[in-house]
Amino acid sequence: MKSGILKHLMALVLWVGVAQGFALAEPLRDLASIQGVRDNQLIGYGLVVGLDGSGDQVRQSPFTQQSLTNMLAQLGVTVPAGVNMQVKNVAAVMVTATLPSFAQPGQSIDVNVSSMGNAKSLRGGTLLMTPLKGADNQVYALAQGNIVVGGAGAQSGGSQVQVNQLNGGMITGGALVERTVPTRFSKDGIIRIEMHDTDFGTTENAVAAINKVMGAGAARSVNGRVIEVRGPMVESAQAAFLARLQAINVTRAAARAKVIVNARTGTVVMNQSVTIDQAAVAFGSLAVVIDQSVDVNQPDTPFGGGQTVVTPNTNIQVQQQQGKLQMVNRGVRLTDVVRALNALGASPQDLISILQALKSAGALRADLEII
């Protein structure tokens, strides 16, 4: 009983906070990263062996035979010149991995293996030792191990259905770090924080929150994305300082109104800042009319102590040759227009054209992005 009451109270508090426009604070670690603390991409070229006849065809992938010959020569096996090795159990692959920040020699990382020839499948294959290099052409890890190809296949009544990609797989912990990347995030005690998004409002909120916790003058904004924080000079104390810094709660500034439309699926995503003004759009057999009316609400009795309230209403009319749909809502919302158009079976292209027209006319108070 108490648990149920507590849940209802928590839901009520959350609803009241949202209704009053309170913005929820987020930890700084979710909004920003520390300059200098970053991952690094690795890449390598290798061979996969142990395939069940599903490897590269030598005639169409000559680099596989050349790579196999070079590898055997390094192992002390000499292949006579002019010999055409018909090896169907070998495939040439590209190996990629991400080297995390502060990774130390001996630690393992995951690798992705992808066929670069005409192999039919990498299932059951084993990746031979493959050096993984960084952008500076230095070897930072060595990869080797059995490849796991995900997905599933089904076979029924002599017909086979494949729903997975067999030319790629991964090796969990398949690479060992051989060299670390020097990471320096503090210079003379100054640590630079990089916000994920360029927003002067959120950046200033972060500066104010840091100064409130760490003391006045601890942080200052360089621009709309970068914050400089004065931290301890001693390296041993910087880890604890950054842990406190990333746990500071920061309130986001109001998001910029934006509408994103997927032209292929007709999906429309918008934030709560999107509004729409009065407008009229005619497109083919569709006609969208958005206007406003005013309702005046007076108290029941002349001297009842009430107050006269003027409430704006939004009338959205979407007309089509086959019928007419009228929606009356309080407040101007683009979702009402989209819902009305979808109810009449408007195609994604019709929706995009209408939104573009509303944007061009200045009625759509938001940025329109079509992907």
Long-range amide H partners of Ala363, meaning residues 5 or more apart or on another chain whose placed amide H is closer than 5 Å, are none
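At 0.36 nm per residue, and after removing the present C-alpha to C-alpha distance, how many nm does the segment from Asn271 to Ser101 gain when stretched out fully?
Here the segment from Asn271 to Ser101 would lengthen by 57.8 nm.
What translational D, rounded to a whole number of µm²/s, comes out for region 100-230 from Stokes-Einstein when the hydrodynamic radius is the Kirkwood one over Cα pairs, at 4 °C and 1.567 mPa s?
68 µm²/s
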Pairs Lys133/Lys258; Lys212/Lys359; Lys88/Lys133: which exceed 31 Å Cα-Cα? Lys133/Lys258; Lys212/Lys359
Neighbour-count order for Ile352, Ile109, fewest beta carbons within 10 angstrom listed first: Ile352, Ile109
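Since every read-out is calculated from the coordinates, none of them should be taken as a lab result. All values derive from a computational prediction rather than experimental measurement. When we count neighbours, we look across all protein chains shown, and the Cβ atoms used for this are built from the backbone with ideal geometry, even at glycine.
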